[in-house]
Amino acid sequence: MAVQHWADTLRKAKKTALISNGKRKVHYLFEDGSEMAEEYDLKTDELVLRRLRHKTTFGGEGQWTLEVGETNPNGVSSDLIKESSSNPLFMRKDTKNSFQWRVRNISYPIEVYSVSAEPTERCCVIRTSNKKYYKKFSIPDLDRCQLPLESAALSFTHANNTLIISYKKPKEILTLEQELLGELKKLKGTSEGDIDCKTQ
């Protein structure tokens, strides 16, 4: 079963943990050389950030891709040119029981939005009836575990110029996350300034 395969891949990965700024930061180094970095809130145990990096074709280090969290939570940008802060901003921020995405700076009334699951394409689609916004996105967690995309698990709401899309996590994902969190809590996490770069 694919869920078990992903669980085994996570267990076999070399892990390094660090406790810093109220977060548990975990770095995974997988057998194929790819990496994953996650941050969990220490108080709520919620996943705050997940980035992945795969080896390039020639074995070099690829670019980090953001899967969960904000691209720039402090609002500080190192780029000289940046997009307008009034443009819609799409990001993922999960809760304990749902995968959740937010589209900020989008002020249309709720009747304008349509959110659907496309099981054959393995993605979700956001549309507006006024044709001002369109977005396709996948749920990598379901893809990794080869779980079906269920339309009934998808819901959305709109408040404060933010469209919030939720996908109820399947029980297999909830079980996997609980097991993983239990293992991560057993890792000896060093405090900032007390860093030992050995992986376990």
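Below, the figures for the structure above:
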read-out	value
Length added when fully stretched, residue 91-residue 34, from 0.36 nm per residue minus Cα-Cα	18.2 nm
Heavy-atom accessible area per residue - the chain, 1.4 Å, Å²	61 Å²
[x] 1.33; [y] 1.11; [z] 1.29, with the label sought being that of the calculated Cα Rg over 2.2 N^0.38 Å	[y]
Sulfur and carbon atoms: percent of accessible area, the range 1-157 [1.4 Å]	50 percent
Sparse-neighbourhood loop sites, GluC sites (Glu not before Pro) in the range 97-173 - DSSP loop, at most 15 other Cβ within 10 angstrom	121, 150
Listed residue (174, 88, 63) projecting farthest to the positive dipole end of the chain, Cβ model	88
Note, ³J(HN,Hα) from phi for the range 137-153, Karplus 6.51, -1.76, 1.60, rounded to Hz, x at Gly and Pro	8, 9, 10, x, 4, 5, 5, 4, 8, 6, 9, x, 8, 9, 4, 5, 7
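The values are calculated or read from the model by the stated rules, or taken from the named source; none is laboratory data. Not measured: the values here are computed from a predicted model. With ideal geometry, Cβ positions are generated from the backbone for all residues, glycine too; neighbour counts draw on all protein chains shown. All accessible areas refer to the heavy atoms of the entire protein, side chains included, with ligands and DNA or RNA removed. Shrake-Rupley method; radii C 1.70, N 1.55, O 1.52, S 1.80 Å.
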